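The next block holds one structure in the form of structure tokens; read it before the comments.
The values are calculated or read from the model by the stated rules, or taken from the named source; none is laboratory data. None of the values given here were measured: they were computed from a predicted structure. Positions of Cβ are backbone-derived with ideal geometry, glycine not excepted, and every protein chain shown enters the neighbour counts.
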Amino acid sequence: MSSDLSALITPASVQDIAVNRQASPKESVQTGKAQEDKVQKADSHSNGQRSSEQVTKARLWKPRQVLFTPAALEEAWGQQIYQRVSGLGLPITKLKSNRITGLRGKDERETYARAKQTMAVVTAPPGQFKLQPIPPSADWQFHLAEGCPAHCQYCYLASSLSGPPAIRVYANLPAILENTDRFIKEESASTSFEVSCYTDPLSLEHLTGSLGECIRYFGTQPRKNLRWVSKFNNVEPLLDIEHNGRTRCRVSINADPVSKGFEGGTASVRDRIQALRTLALPKAQGGGGYPVGFVIAPIMAFEGWQDSYAQLFEEIATALDFECDLTFELITHRFTAKSKQVLNEWYPNSELDMQMDSRTTKRNKFGGIKYVYDKETTQALRKFFEKRINQTFANARILYWT
Ligand code: SF4
């Protein structure tokens, strides 16, 4: 965690917490001794029950305040979230109107700090029901929430969301899920949906249960498939869901210099890889039996990148020492003038390389300019990654490089 982040993330905002899939929300948030007890208890399980390797020591976010709008409290799913967060003993405010106010501080840094410790439970606005395509990842994207409790210094949300970066979670989940019916591609056997690329959906699961409900729903939908990605590791609540192979779970990982230098408030890369192992293990072995994938992003050409990324692939190979349905998605680092400006305000001491004159430019589909690595660097990175993956994971598929 960088020095500028340590000022923003207080001990109360991110805690090491033990998670057990059978636990109620209240039971699932605990610290220290209770966590050790739970892991030891799991160690003693036998006869096909989950072994200690699946009892993950998860890093769970605890907002400083939880706001509920009146409209959110009218929703059954909103009430379910209310029960969860009140069971966790989090401070709750019931708002008088459906507008979220009071998040602005005296400057961008203070606004950032205040907003990032706030979870607002709201209803998804009408615009969220007109789904947008998200190539090359999936046919469509839809959202369970917007805003993320983690603190990645390269975060693409910096230029995607407007206003203070509070975490807004949606209470009208059944309507959001049913709406996906309207976007089934008649010509395709299965239409793909990426869920929640404007947050980290697993980071909020202990507070909302929305990702699990989404996976359960897609398990009943023969013509749709779901994809989600996370930098967290609290996967225990997802292991017993009847997903019927229709959800691909991915974790986003990176080499140590990137993850340790620029990612705050997330699970460690080691823990994310172990979480994916647990998701991929067959159910008979205590896992989730899911199709899985790694998103390696943002790939950076720092000094010594070959050795660091080679080490990452060795760690993946050690963890996934069994047959599984595995994919890779490879995304190089890029930024825009706007994201650079916002990120510089949020993380003024960051050492992230965003020098425009050492990059080349590309236009996105809306005509905006993004700054990417030059052709020579991109080709060297791509050759390295594709060769390593093909050599090490014979049955894995690379879905795209961008
Ligand atoms: S986990 Fe993803 S969405 Fe959250 S801060 Fe990091 S990059 Fe942004």
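Observations on the structure shown:
- Out of Arg84, Arg64, sole residue that is surrounded by 16 or more Cβ atoms within 10 Å (Cβ to Cβ) and out of contact with any Lys or Arg (no Cβ under 6 Å at 6 or more places or on another chain): Arg84
- Look at the stretch 109-120: where a residue is in contact (Cβ under 8 Å) with a residue 12 or more places away in the chain and a partner is crowded, with 21+ Cβ neighbours inside 10 Å and part of a helix (DSSP H, G or I), sitting 6+ places away or on another chain with Cβ atoms under 7 Å, you get Tyr112/Trp346; Met119/Leu207.
- Counting the residues of the stretch 248-259 that are away from the ligand (no atom under 14 Å from the Cβ) and in a helix (DSSP H, G or I) gives 2.
Each row is one residue, and each column tells you yes or no for (1) assigned to a strand (DSSP E or B); (2) at pLDDT below 95; (3) closer than 22 Å to Leu239 by Cα.
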| position | (1), (2), (3) |
| --- | --- |
| Ala58 | yes, yes, yes |
| Arg84 | no, no, yes |
| Asn98 | no, no, no |
| Leu103 | no, yes, no |
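Let's see how each residue does on (1) among the small types (Gly, Ala, Ser); (2) under 24 Å from Met354 (Cα atoms); (3) surrounded by fewer than 23 Cβ atoms within 10 Å (Cβ to Cβ); (4) over 13 Å from the mean Cα position of the chain (by Cα):
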{"position": "Val229", "(1), (2), (3), (4)": "no, no, yes, no"}
{"position": "Val235", "(1), (2), (3), (4)": "no, no, no, no"}
{"position": "Asp240", "(1), (2), (3), (4)": "no, no, yes, yes"}
{"position": "Gly245", "(1), (2), (3), (4)": "yes, no, yes, yes"}
{"position": "Lys260", "(1), (2), (3), (4)": "no, yes, yes, yes"}
{"position": "Glu263", "(1), (2), (3), (4)": "no, yes, no, no"}
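- In summary, Gln355 fulfils each of the numbered conditions (1) surrounded by fewer than 18 Cβ atoms within 10 Å (Cβ to Cβ); (2) within 19 Å of Gln379 (Cα to Cα) with the single exception of condition (2).
- Residues within the stretch 374-402 that are in contact (Cβ under 8 Å) with a residue 60 or more places away in the chain and farther than 19 Å from Ala158 by Cβ, tallied: 16
- Picking from residues in the stretch 214-227 that are charged (D, E, K, R) and away from the ligand (no atom under 16 Å from the Cβ), the one that is nearest to the chain's Cα centre (by Cα) is Arg216.
- Among the residues of the stretch 277-298, just one is closer than 15 Å to Pro201 by Cβ and assigned to a helix (DSSP H, G or I), namely Leu279.
- Per-region count, the stretch 315-328, residues in a helix (DSSP H, G or I) and surrounded by 12 or more Cβ atoms within 10 Å (Cβ to Cβ): 4
- So Ser268, is it small (Gly, Ala, Ser), crowded, with 19+ Cβ neighbours inside 10 Å and within 15 Å of the ligand (Cβ to nearest atom): no
- Within the set Asn233, Asn244, the sole residue that is modelled with pLDDT of 95 or more, closer than 22 Å to Phe322 by Cβ and within 16 Å of the ligand (Cβ to nearest atom) turns out to be Asn233.
- For the stretch 133-177, the set of residues classified as small (Gly, Ala, Ser) and surrounded by fewer than 18 Cβ atoms within 10 Å (Cβ to Cβ) consists of Ser160, Ser162, Gly163, Ala175, listed by residue number.
- Matching option when the condition is closer than 24 Å to Pro165 by Cβ and among the charged types (D, E, K, R), among Arg334, Arg363, Arg359: Arg334
- Within the stretch 223-235, residues that are of a type outside the set (A, V, I, L, M, F, W, C) and part of a strand (DSSP E or B) sit with their Cβ atoms under 8 Å from residues that are more than 12 Å from the ligand (Cβ to nearest atom) and modelled with pLDDT under 95, at 6+ positions apart or across chains, in these pairs: Arg227/Ser137.
- Only a single item in (1) free of Cβ contacts under 8 Å to residues at least 60 places away in the same chain; (2) surrounded by 13 or more Cβ atoms within 10 Å (Cβ to Cβ); (3) of a type in the set (D, E, K, R) is not met by Lys130, and it is number (2).
- Of all the numbered requirements in (1) at pLDDT 95 or above; (2) within 30 Å of Thr332 (Cβ to Cβ), Pro164 misses one, and that requirement is (1).
- Selection within the stretch 352-368 - modelled with pLDDT under 95 and touching a Ser or Thr at 6+ places or on another chain (Cβ under 9 Å): Asn364, Gly368
- Odd one out for Ile331 among (1) in a helix (DSSP H, G or I); (2) in contact with a Pro (Cβ under 8 Å, 6 or more places away or on another chain); (3) hydrophobic (A, V, I, L, M, F, W, C): (1)
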